[in-house]
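Following: one structure in structure tokens, then a few remarks.
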Amino acid sequence: MEIRETHPFDLTPGEAAHLQEALRTRVRLTGDIGEVTLIAGVDASYAKGSNDIHAVVVVLSYPDLAVVERVAACTETAFPYIPGLLTFREGPALIRAFRKLVSEPDVIFFDGQGIAHPRRLGIASHMGVLLDRPTVGVAKSLLVGTVEEPGPGRGSTAPILRDGETIGMAVRTKDRVKPVYVSVGHRIDLSRAVDLVLSAARGYRLPEPTRQAHLFANAARKTGVGEGRQTALLPPDAPGEI
């Protein structure tokens, strides 16, 4: 997959925050993504105390959600873990993984925030601008804003609010399990993003693209996989409910 734009990642935290302020102006909160036939899920894994980042991209066909392609990349980073600056820690490994990708996904789900972020540029928005692709943030926790608990049933939603603006949606993907927090990354509107997350959730809290990416990222870290195009490291439905 071609990436036309990138930037240095070896910045100080102050420089990184300044760059986010510049890039946020390029985020598009709407877009006609057309027919969706491929959805990618993205995640990264690293052991506590380690600077090795194992990033993966898993592409699934849609709507049947069969795994089409999986790629992994590993890089070492010196950037610390700082909430709100995740892309500067994981970005180089993610870009390396995307460059190995043969598929051209129509939309990409990230395990992290889109615009529901202190500077409106979470990892889904940041990478969406660099990739120039429709992206969605599917986070497991809230970073900024306030939200009421959605109803207990699958499909229930509640807006994430910040200064009176809806910046995302808490989405119940399974009856009586914790919601996920969905926000626009780039080139897609919130309603379509929520619909896609719900339609890609098949009995687990996480939608299948990010669930498969989470499983593959952990396997990549444990086995040291980081080179080449991987298609059979894990069975598509490995144990563990997430």
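The values are calculated or read from the model by the stated rules, or taken from the named source; none is laboratory data. On a predicted model such as this, the values are computed, not experimentally measured, just so you know. In this analysis, Cβ positions are derived from the backbone assuming ideal geometry, glycine residues included, and neighbour counts consider all displayed protein chains.
Observations on the model:
- Test for Pro150: is it over 12 Å from the mean Cα position of the chain (by Cα), farther than 24 Å from His7 by Cβ and in a loop (DSSP other than H, G, I, E, B): yes
- Selection count where residues are surrounded by 16 or more Cβ atoms within 10 Å (Cβ to Cβ), touching a strand residue (DSSP E or B) at 6+ places or on another chain (Cβ under 8 Å) and among the charged types (D, E, K, R), scope the range 137-179: 2
A quick yes/no check of all residues on (1) at pLDDT 95 or above; (2) touching a Phe, Trp or Tyr at 6+ places or on another chain (Cβ under 9 Å); (3) assigned to a loop (DSSP other than H, G, I, E, B); (4) surrounded by 13 or more Cβ atoms within 10 Å (Cβ to Cβ):
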position: Gly14; (1), (2), (3), (4): yes, no, no, no
position: Leu23; (1), (2), (3), (4): yes, no, no, yes
position: Val56; (1), (2), (3), (4): yes, yes, no, yes
position: Pro63; (1), (2), (3), (4): yes, no, yes, no
position: Arg70; (1), (2), (3), (4): yes, yes, no, yes
position: Pro83; (1), (2), (3), (4): no, no, yes, no
position: Thr87; (1), (2), (3), (4): yes, yes, no, yes
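- Close pairs from the range 131-155: first on the phi < 0 side of the Ramachandran plot and touching a residue at least 60 places away in the same chain (Cβ under 8 Å), partner among the hydroxyl-bearing types (Ser, Thr, Tyr) and not in a loop (DSSP other than H, G, I, E, B), Cβ under 7 Å, at least 6 apart: Val138/Thr210
- Filtered residues of the range 35-57 (kept if of a type in the set (Ser, Thr, Tyr) and touching a helix residue (DSSP H, G or I) at 6+ places or on another chain (Cβ under 6 Å)): Ser45
- Here is the figure for the range 89-113: residues that are in contact with a Phe, Trp or Tyr (Cβ under 6 Å, 6 or more places away or on another chain) and either among the small types (Gly, Ala, Ser) or assigned to a loop (DSSP other than H, G, I, E, B) (or both) total 1.
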